[in-house]
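This report concerns only the one structure given below.
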Amino acid sequence: MVSNNLFLEILLILIKIAVVLGIVLLHAAYTVYAERKIIGRMQARLGPTEVGPYGLLQPIADLLKLLTKEDIIPLEAERLIFLVAPLIVLTFAIVNLSVIPFHPSFIIADVNIGILLILAGASLAVYGIILGGWSSGSKYSLLGGLRSAAQVLSYEIPLGMSLAGVILAAESFKLSDIVNHQAQSFFGMNAIPQILGFIVFLICAFAETNRAPFDLPEAESELVAGYVTEYSGFRMGMFFLAEYISIYVMSLLIVHCYFGGWTLPGWLLTIFPPLKFVPAPLILLIKVYFFVFLFIWVRATYPRYRFDQLMSMCWKILIPVSLLNFLIVAFLKRGGF
Amino acid sequence: MARPLFMSIFLLLFLALFLLLFRQKKVVYQFLVYLVMMVLLGIVYLFLGSEFLMAFQIIVYAGAILVMFLFFLYLYPEEEFKIQDMRNSTLIKTLIPSLLFVITLILILFTFDVREYEASASVYSVKELAKLIYNQYPLAIFLLAFILTYPMIAIYLLMKGSESDD
Amino acid sequence: MINYSFFAGEKVFYLIASIIILSGFYLLFTKKNLLLAILALEIVFNGINLMFATVSFYYGDLTGQMIVLLSLSVAAASFAIGLILVLNYYRLKRSLNIEGMTELRERIEDGDRDGND
Amino acid sequence: MVRPDEYVPTNYLSVLIMVIVGFIFGLGGLIFGSFVRPRFYYKEKLVPYECGNEPSGLPWQKIAIRYYPIAILFAVFDVELGLIYPWTVGFSGLTSTGFLVMIGFLLVLLLGLVYDLKKGILDWHRR
């Protein structure tokens with residue numbers, strides 16, 4: 001009887017995972033398409049047009065191409081580490097999805113330390129970058145891996161510090177508690193009282209996902225392709241899939257932590273009452289789409305930073321500012337606001 | 001019901017990792033075995049009723065402290081990481097204390113009986129842990145801040161050395 | 001001796017802790033790389049932490065968990081300083097071999113030779 | 001409340017399954033791809049990329065020490081983050097001592113960071 005229940009429970013979890021993975025992977029694949037299309041338009045080009053109507057089948061063609069490409073392992077490489085590194089990155093990018101609620105009652109793993117699990121996944125995914133760059137046996141990979149590792153590590157500190165402000169406001173690690181706390185608060189979202197933390201988090205989200213303007217791994221003019229230089233075929237695809245999944249994870253985190261998730265702020269509802277009838281998933285989806293569009297928009301707009309500028313910005317500006325934000329929130333909360 | 005199953009799996013995994021440690025010839029692989037061990041230890045903390053310790057172990061220990069070690073791999077040429085065992089005489093001399101330790105431990109494990117556990121389990125929330133640490137032992141935390149500044153000062157000495165090196 | 005209740009009780013945690021400590025001792029006593037010696041000390045640290053957490057859980061006292069938190073934090077500082085020392089040693093000697101670390105002994109022998117002359 | 005020898009963290013079953021699914025997802029793609037992808041290896045293809053030249057020596061040579069302080073600073077501040085999180089969650093249960101000690105903790109660490117930055121740890125160019 002007990003084992004029967006367990007079996008049913010596992011089946012339920014598997015169905016949930018399949019739904020989430022299906023939605024997110026579809027989105028990730030079509031974000032690649034949307035990115036090429038949008039950046040093309042911004043640069044007065046057309047983007048992909050050949051495969052299918054308006055180039056809509058382009059992601060499927062890309063996937064097939066990546067699957068059928070040759071899998072090259074360089075002669076100098078440490079074979080085992082070289083093979084495992086992309087798997088580490090992809091696995092922990094996917095695991096981060098498990099603690100994010102997509103609907104008031106839809107979450108894969110309802111654990112008490114939700115946000116901490118995302119941070120843990122991010123800090124373990126760094127190993128994929130470091131080991132992948134180290135084991136390739138190429139000088140560009142080595143230097144690129146070192147640089148991306150230093151970048152991702154540095155930006156984890158202000159990211160976690162600005163998240164600490166959000167956690168302090170709600171006094172819970174659960175993302176659903178954070179969303180509910182915002183719905184009951186005066187402003188209806190954390191982004192207004194914690195504007196400093198929000199800006200720091202946004203900058204760190206770009207750096208954590210290795211996106212422009214912090215895309216040093218893709219700095220073609222300096223380091224070829226960073227730690228992915230020697231990777232080919234589906235292994236390179238895994239790195240890029242992980243990047244696009246983590247764009248969605250970061251967008252969802254921004255929306256849940258700073259913009260009230262699936263809720264709308266109370267003052268907006270009193271100004272414009274018909275908004276009450278908008279379904280919760282639609283609100284979440286629109287907010288997330290906006291931030292994914294922001295990721296693409298920034299890539300088309302800003303030039304790349306130099307590495308020492310990147311480091312000094314993190315340690316000299318972002319960390320003190322996020323600390324200031326945290327102290328402001330702590331003193332306000334202690335004062336009874 | 002499920003706890004003995006999981007714990008025996010963990011015991012087997014740790015034993016397998018321990019045996020795997022003997023076979024590795026390079027520092028990198030020994031480090032990787034150790035890394036897996038530490039992540040598993042975090043999951044063992046979960047079975048000790050402490051979610052926060054798991055998060056701390058994985059974020060801070062596996063995600064920050066051991067990463068420092070990996071940066072060394074970047075800093076040194078490769079020949080340095082092919083290591084050999086010590087000479088035989090030292091091996092025997094130094095293995096004796098550890099064997100003595102293990103024998104003592106096994107004796108303790110299987111001769112002494114444990115106390116009866118309390119009926120109500122001790123799965124505490126993070127809030128109670130925070131109250132204990134910050135309300136009752138504030139001085140420890142404050143001293144920890146000074147201990148954590150030592151590496152920062154040591155970095156400066158390191159960098160100072162590197163300038164004279166060039 | 002080892003049965004169903006063994007794996008539910010606290011002794012299995014002590015056994016795991018002893019395996020971790022033993023693997024630290026193995027690295028410390030048999031490998032002649034200075035870097036690995038420091039890593040081995042950290043392994044021993046973690047084994048003892050597990051024992052603290054076990055006692056804390058089974059006997060309902062939260063202090064053990066607090067000790068684990070604090071000792072992990074101290075381990076961060078000590079590991080960082082140890083690695084800096086190793087780095088400076090490597091820069092001076094171009095080697096990390098423990099068996100080659102005989103500077104102190106040789107200096108005493110030199111002093112004796114000087115005194116005899 | 002359960003007895004300690006019957007406690008199982010059931011919430012985390014789904015995280016465990018997610019890890020397994022994520023791993024199988026990557027591994028399955030690789031294994032599936034190995035049936036369809038071509039294999040024509042020759043030496044020139046397997047040589048590490050170096051702008052078309054013959055590679056000169058192994059890559060694992062000495063690299064600038066400037067990256068290492070970043071790792072140590074990161075470790076120190078990550079410990080700080082790990083100690084902040086229980087403080088934030090248990091905020092309403094703290095006494096005034098408990099509140100002030102974390103402020104002091106943060107200020108001491110900030111002082112350390114200011115010391116390092118003043119000494120030019122992160123200045124990439126030599127003064």
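The values are calculated or read from the model by the stated rules, or taken from the named source; none is laboratory data. The model shown is predicted, which means the values in this text are computed figures rather than measured ones. Cβ atoms come from the backbone with ideal geometry, glycine included; neighbour counts cover every protein chain shown.
For the range A:1-56, the set of residues classified as polar (S, T, N, Q) and more than 26 Å from the chain's Cα centre (by Cα) consists of A:3, A:4, A:5, A:49, listed by residue number. So, in the range D:14-31, how many residues would count as being hydrophobic (A, V, I, L, M, F, W, C) and facing chain A (nearest Cβ under 7 Å)? Total satisfying the criteria: 9. Here residue A:114 qualifies as within 12 Å of chain B (Cβ to nearest Cβ) and more than 17 Å from residue A:85 (Cα to Cα). Scanning the range A:139-160 for residues that are of a type outside the set (A, V, I, L, M) and surrounded by 24 or more Cβ atoms within 10 Å (Cβ to Cβ) turns up A:141, A:144, A:145, A:148, A:151, A:154, A:155, A:156, A:158, A:160.
Look at (1) over 30 Å from residue C:11 (Cα atoms); (2) part of a loop (DSSP other than H, G, I, E, B); (3) at pLDDT 75 or above and you find that residue C:95 fails only one, number (3).
Counting only helices (runs of 4 or more DSSP H) that sit wholly inside the range A:128-232, those with at least 3 residues that are over 16 Å from the mean Cα position of the chain (by Cα) and closer than 24 Å to residue A:304 by Cβ are A:139-170, A:220-223. Being surrounded by 21 or more Cβ atoms within 10 Å (Cβ to Cβ) and within 15 Å of residue B:15 (Cβ to Cβ) is a condition met by no residue of the range C:28-40.
Looking across the range B:126-152, not a single residue is touching a helix residue (DSSP H, G or I) at 6+ places or on another chain (Cβ under 7 Å), surrounded by fewer than 15 Cβ atoms within 10 Å (Cβ to Cβ) and either modelled with pLDDT under 85 or more than 7 Å from every other protein chain (Cβ to nearest Cβ) (or both). Kindly indicate the residue of the range D:89-98 that is under 15 Å from residue A:331 (Cβ atoms) and in a helix (DSSP H, G or I) and also nearest to the other protein chains (Cβ to nearest Cβ) among those meeting that condition. Filtering first and then ranking leaves D:98. Scanning the range A:67-100 for residues that are of a type in the set (Ser, Thr, Tyr) and surrounded by fewer than 22 Cβ atoms within 10 Å (Cβ to Cβ) turns up just one, A:68. Scanning the range A:10-33 for residues that are of a type in the set (A, V, I, L, M, F, W, C), part of a helix (DSSP H, G or I) and within 14 Å of chain B (Cβ to nearest Cβ) turns up at least one hit.
Selection of the range A:298-328 for residues being surrounded by 15 or more Cβ atoms within 10 Å (Cβ to Cβ) and over 30 Å from residue D:88 (Cβ atoms) yields A:299, A:304, A:305, A:307.
Residue-by-condition table, conditions (1) among the hydrophobic types (A, V, I, L, M, F, W, C); (2) more than 20 Å from residue C:45 (Cβ to Cβ); (3) without any contact (Cβ under 8 Å) to a residue 40 or more places away in the chain:
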position: B:2; (1), (2), (3): yes, yes, yes
position: B:26; (1), (2), (3): no, yes, no
position: B:29; (1), (2), (3): no, yes, yes
position: B:32; (1), (2), (3): yes, no, yes
position: B:37; (1), (2), (3): yes, no, yes
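Residues of the range A:38-84 that are of a type in the set (Lys, Arg) and within 13 Å of chain D (Cβ to nearest Cβ): A:65, A:69, A:79.
Applying the set (1) away from chain D (no Cβ under 14 Å); (2) in contact with a helix residue (DSSP H, G or I) (Cβ under 9 Å, 6 or more places away or on another chain) to residue A:87 leaves exactly one unmet item: (1). Could you tell me which of the residues D:79, D:114, D:101 is more than 7 Å from chain B (Cβ to nearest Cβ), of a type in the set (Val, Ile, Thr) and over 20 Å from residue A:178 (Cα atoms)? The conditions single out D:114. Across the range B:42-56, the number of residues qualifying as in a helix (DSSP H, G or I) and more than 9 Å from chain A (Cβ to nearest Cβ) comes to 6.
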